[in-house]
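The values are calculated or read from the model by the stated rules, or taken from the named source; none is laboratory data. Treat the numbers as computed from the prediction; the structure is a model and nothing was measured. Using ideal geometry, Cβ is built from the backbone for each residue, glycine included, and neighbour counts are taken over all protein chains shown. When the accessible area is computed, the model is the full protein with side chains, heavy atoms only, and any ligands, DNA or RNA have been set aside. Shrake-Rupley method; radii C 1.70, N 1.55, O 1.52, S 1.80 Å.
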Amino acid sequence: MTAKEFFKSTTFRCLATLLSILLVCGVFLTIMYGLLEVTPEEKLARAISKIYGKNVTAEVQEVKTKELDNATIEEAYCITSEGGDYLVKSTGKGGFAGTVTCWVVVEVSNGNIDGVGKVTIDSYVGETQMAEIKQSFLDSFGEKYVDGIYYTTDDGFKVSSSTKSSNAICNAVNGALQYVKTEKLGMAANDIFKDFVYTSFINKKLSSFVLNKNDSVSYSLVTAGYGAANPFTVEITVSKDKTISAYTVVKDGSTYDYDQSIPADIKNGTKFLGRDLKYFTDILGGELTYPGDYAGTEINTGASNSTYILFTAAAFALANYDNAMATKDVFENFDYLKFISKDKSKFEVNADNSVKYTLVTAGYGYANPFTIEITVGADKTISAYTIVKDGSTEGFGNDIPDKVKDGSKFIDKDLKYFTDILGGELTYPGDYAGTEINTGASNSTYILYTAAAFALANYDNCIPETEEGGEANE
C-alpha cells in the first residue's frame, strides 16, 4: 500500500478519529481538573464547615515545633470569631500500623485551656479498623476533659475493637493540647525527660525516675506500644557503673496470649541484669530499629513485638543514665538555702571527709552577691575561708574588717558561734545593733557570716550514709 492509499484508507480514518477524540477528551479533562481541583483553602473551609457548621474567621498560626513525641502538628488556626479558640490539625502516632490525623478544637478562656471542643478524623494511614471509630467516641474527649488531662487508652479512651487506632487518636488530641499550651499560651511543658534520647519508646507523661543515694537511677517506665503489643509498665534500675541491676515487668502489654511466648528470663528480667548499653545496640543498632519478624535475633522470640518493647525500655534506661544524674539537686533538703544561689554553687567531699564549698551568695541590702570558697573539716569547724569575688558596693568593701575579709576570723569556728550572734534563723541584727556584723559594711559582713553558717549547718547533708551529695531515695 502506498502512502497515498494509506491516507485514503479506512484504517487511517479510524486512527484520525480516535486521535481527535483523545485530543478533545484531554483538553476537556484539563479544563475540568482546573475547575474541580480542591485547593488547600477549600479543604480547610470544608474541615471548618464540618466542625462548626457555619462560616468562621480563622487566622493561620505559626507552628515552631512540628514533631512532638507522639504526634505531628500539621497546621493550626486561631478561630477569632469563636473567642480565640484554636483549631489544630494533629497526626497521632502509635496506631496499629500507621497514624491517624485529626482536627481538634482546643477551647481557650482567660489565657488557659478551658476544654476540648469537637474532634474529627481528617485522614489515616495504615489503620484497618477505623470504621469502628464513631463520633460518640470522639466526643468523649470533650465530655471528659479536666484540666491537665492526658488521654490514654488505659483510662478508657478507646474502642475495644480498635485499641491501636484509639491510641493514635489519643496522641493526636494530646499533641494538639500540648501545642496550644506551650506555643500559644507560653506555659512550660514540665518535661523531666528534656534532652533525653530514645524518648519515642516511652510515654514521657506517664514515666518517671528517681536518683538513689548510691548514685543509681530507678525508672518507672510506661512504654510505647509496638505492632500487636500494647504498652508495658517496667521498673528498671541502672547502677553507677551503667549496667542494669534490677528489671521488673509490672504490667504486661502482650495481646493474643503472646505473653506465653516471651522467654522466662526476659519476662522476669534476669536476661538484662549486668547488661550495658552496647549489648542492646549491638542487637538493634544505634537507632534501636526493629530487626524484622524473622531476623533470627534475640528479639525474635515468638512474641517479637513484646520482646522488642522490653529491650528498648532497657536501652532507654541505660542510654539516659547521665541525663538523669544531671538533674540531681545536690542541695536537696539543705538548710539556709535562701542565703545562696543553688544554681551557681557547688561542693565536693575530700578524701579526709572535709567538705569544700564554692558558694555564690544572695545579695543583701546594698551588697551584691559574693563568691566564697569555704572548707569545713570533719570536726565541723571551718578550716579555710577565701573571698573569691567581693560583692561590696560604693566602697563599702574598705570597711570590712581585715580578719573578716581575709577569712581568718572564721577559722576554727563552729555553727554555734554564728547562731549565737544571728539566732537560729540567721536574722540580720539591724544597722546599729553593736554586734560583730555592724562593721561599717554591715550588709557585706552579714553575707559573709551567713555563708559560713550555711557551710557549717550542711556538713552532714554533704556526706550521706553511703555516697557524696545529691538527692536521696530510701
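So in segment 122-145, with the set limited to residues that are part of a strand (DSSP E or B) and over 27 Å from the mean Cα position of the chain (by Cα), which one is surrounded by the most Cβ atoms within 10 Å (Cβ to Cβ)? Looking at residues that are part of a strand (DSSP E or B) and over 27 Å from the mean Cα position of the chain (by Cα), I get Asp122. For segment 177-203, the set of residues classified as among the charged types (D, E, K, R) and touching a strand residue (DSSP E or B) at 6+ places or on another chain (Cβ under 9 Å) consists of Lys181, Glu183, Lys184, listed by residue number. Looking for something touching a helix residue (DSSP H, G or I) at 6+ places or on another chain (Cβ under 8 Å), modelled with pLDDT of 90 or more, over 15 Å from Cys102 (Cα atoms) and not polar (S, T, N, Q) - is there at least one such residue anywhere in segment 129-146? Looking for residues that are touching a helix residue (DSSP H, G or I) at 6+ places or on another chain (Cβ under 8 Å), modelled with pLDDT of 90 or more, over 15 Å from Cys102 (Cα atoms) and not polar (S, T, N, Q), one finds at least one in segment 129-146, hence yes. Filtered by the rule that a residue be open to solvent by 10 Å² or more (accessible area, probe 1.4 Å) and not hydroxyl-bearing (Ser, Thr, Tyr), segment 292-317 gives Gly292, Asp293, Ala295, Gly296, Glu298, Asn300, Gly302, Asn305. Those residues that are outside any helix (DSSP H, G or I), over 46 Å from the mean Cα position of the chain (by Cα) and buried (at least 16 other Cβ atoms within 10 Å of the Cβ), I need them from segment 374-412; list them, please. Passing the criteria: only Ile400.
Let's see how each residue does on (1) in a loop (DSSP other than H, G, I, E, B); (2) touching a Cys at 6+ places or on another chain (Cβ under 9 Å); (3) at pLDDT below 95; (4) closer than 23 Å to Ile51 by Cα:
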residue: Thr91; (1), (2), (3), (4): no, yes, no, yes
residue: Ala97; (1), (2), (3), (4): yes, no, yes, no
residue: Phe157; (1), (2), (3), (4): yes, yes, yes, yes
residue: Lys164; (1), (2), (3), (4): no, no, yes, no
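Within the option set Thr419, Thr435, Thr445, being more than 23 Å from Ser383 (Cβ to Cβ) and of a type in the set (Val, Ile, Thr) holds for one residue only, Thr435. Determine, yes or no, whether Leu359 is touching a Ser or Thr at 6+ places or on another chain (Cβ under 7 Å), buried (at least 18 other Cβ atoms within 10 Å of the Cβ) and part of a loop (DSSP other than H, G, I, E, B). Considered against the rule, which asks whether it is touching a Ser or Thr at 6+ places or on another chain (Cβ under 7 Å), buried (at least 18 other Cβ atoms within 10 Å of the Cβ) and part of a loop (DSSP other than H, G, I, E, B), Leu359 comes out as no.
From the list Ile21, Ile51, the lone residue that is at pLDDT 80 or above and farther than 29 Å from Glu107 by Cα is Ile21. Considering (1) at negative phi; (2) open to solvent by 10 Å² or more (accessible area, probe 1.4 Å), the lone condition that Asp195 does not fulfil carries the number (1).
The residues in segment 420-454 that are within 18 Å of Gly397 (Cβ to Cβ), loosely packed, with under 15 Cβ neighbours inside 10 Å and either in contact (Cβ under 8 Å) with a residue 40 or more places away in the chain or within 40 Å of the chain's Cα centre (by Cα) (or both) can be counted, and the count is 1. I'd like the residue in segment 199-222 that is over 15 Å from the mean Cα position of the chain (by Cα) and of a type in the set (Ser, Thr, Tyr) and, out of all such residues, is nearest to Val173 (Cα to Cα). Filtering first and then ranking leaves Ser218. Before we move on, is Val250 of a type in the set (A, V, I, L, M, F, W, C) and either in a loop (DSSP other than H, G, I, E, B) or open to solvent by 60 Å² or more (accessible area, probe 1.4 Å) (or both)? Taking the combined requirement at face value, the residue satisfies it.
Do the conditions hold for Thr327, that is, is it out of contact with any Leu (no Cβ under 7 Å at 6 or more places or on another chain), within 30 Å of Glu425 (Cα to Cα) and assigned to a loop (DSSP other than H, G, I, E, B)? Considered against the rule, which asks whether it is out of contact with any Leu (no Cβ under 7 Å at 6 or more places or on another chain), within 30 Å of Glu425 (Cα to Cα) and assigned to a loop (DSSP other than H, G, I, E, B), Thr327 comes out as yes. Is it true that some residue in segment 165-177 is open to solvent by 10 Å² or more (accessible area, probe 1.4 Å) and at positive phi? Looking through segment 165-177, none of the residues is open to solvent by 10 Å² or more (accessible area, probe 1.4 Å) and at positive phi.
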